[in-house]
Amino acid sequence: MRVLIAEDDAVTARMLQGLIRSWGYEVVTATDGPSALAMLQSDDAPQLALLDWMMPGVDGPDICRTVRQRIRGDSTYLLLLTARHELSDIVTGLDAGADDYLVKPFEPEELRARVKAGARISDLQQRLAAQVTQLGQALSKVRRLSGLLPICAYCKAIRDDSDYWHRVEEYVTEHAEVTFSHGICPNCLDAALKEARAAS
């Protein structure tokens, strides 16, 4: 999992990089708000971000607000890491869209636990999104059989969109992933026996 560290203080940034890497995460960095925002808006955005509040260009809460407006913005876990400790600051940060809030100076073990929790939540959100996509694809396949099907009144063949006629079992198998096992129903068996007797 990739973690973005957005911090304009060089000493703090180096310390955070060392900690995050030692915990087994890949690290990318930004030293100002616009750079951090560009990374979080990219197609391969980091799944988790540690954001300083005060940064040149765009501050942490504004980054949170912008990221949350994206279609996939909910899957990024945002942690505000700041010296601002007033209750009103914490409320402002969380209302802006941050998932967590940690006040500097912090204990490394507390940060490790919060990053681990954020990584777990981000992973769960991504897996849920993948399952929703798979469900949508499955529903799309089911809907392909919900429209009007032109069927021959005599041989029961079905006409597709290319004006090609298919046997019923071929068409249904292709569009619904159903496998047919052939047999003969009692009525058809009786009719076939009667025809055989009449022919003999």
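The values are calculated or read from the model by the stated rules, or taken from the named source; none is laboratory data. Remember, it's a predicted structure, so these values are computed and weren't measured experimentally. Cβ atoms come from the backbone with ideal geometry, glycine included; neighbour counts cover every protein chain shown.
Do we have VAL28 as in contact with a Pro (Cβ under 8 Å, 6 or more places away or on another chain), aliphatic (A, V, I, L, M) and in the same structural domain as ILE121 (by TED's automatic domain parsing) here? For VAL28, the condition - in contact with a Pro (Cβ under 8 Å, 6 or more places away or on another chain), aliphatic (A, V, I, L, M) and in the same structural domain as ILE121 (by TED's automatic domain parsing) - is met.
For GLN41, the criteria (1) over 18 Å from PRO108 (Cα atoms); (2) buried (at least 18 other Cβ atoms within 10 Å of the Cβ); (3) in contact with a Ser or Thr (Cβ under 8 Å, 6 or more places away or on another chain) hold in every case but one, which is (2). Could you tell me which of the residues ARG14, ARG65 is surrounded by 14 or more Cβ atoms within 10 Å (Cβ to Cβ) and among the charged types (D, E, K, R)? ARG65 is the lone residue from the list that is surrounded by 14 or more Cβ atoms within 10 Å (Cβ to Cβ) and among the charged types (D, E, K, R). Against the list (1) farther than 20 Å from ALA6 by Cα; (2) in contact with a Leu (Cβ under 6 Å, 6 or more places away or on another chain); (3) touching a residue at least 40 places away in the same chain (Cβ under 8 Å); (4) not basic (Lys, Arg), the condition GLN125 fails is (2). No other residue among ALA49, ALA113 is under 17 Å from ALA13 (Cα atoms), under 27 Å from the mean Cα position of the chain (by Cα) and small (Gly, Ala, Ser) apart from ALA49.
Determine, yes or no, whether LEU48 is without any contact (Cβ under 8 Å) to a residue 60 or more places away in the chain and touching a Ser or Thr at 6+ places or on another chain (Cβ under 9 Å). No; evaluated as a whole, the condition is false for this residue.
Checked against (1) out of contact with any Asp or Glu (no Cβ under 7 Å at 6 or more places or on another chain); (2) within 20 Å of SER122 (Cα to Cα); (3) not charged (D, E, K, R), ALA30 passes all but condition (2). Here ALA83 does not qualify as surrounded by 23 or more Cβ atoms within 10 Å (Cβ to Cβ) and either on the phi < 0 side of the Ramachandran plot or not assigned by TED's automatic domain parsing to the domain that holds VAL132 (or both). Being under 32 Å from the mean Cα position of the chain (by Cα) and surrounded by fewer than 10 Cβ atoms within 10 Å (Cβ to Cβ) is a description that applies to THR179.
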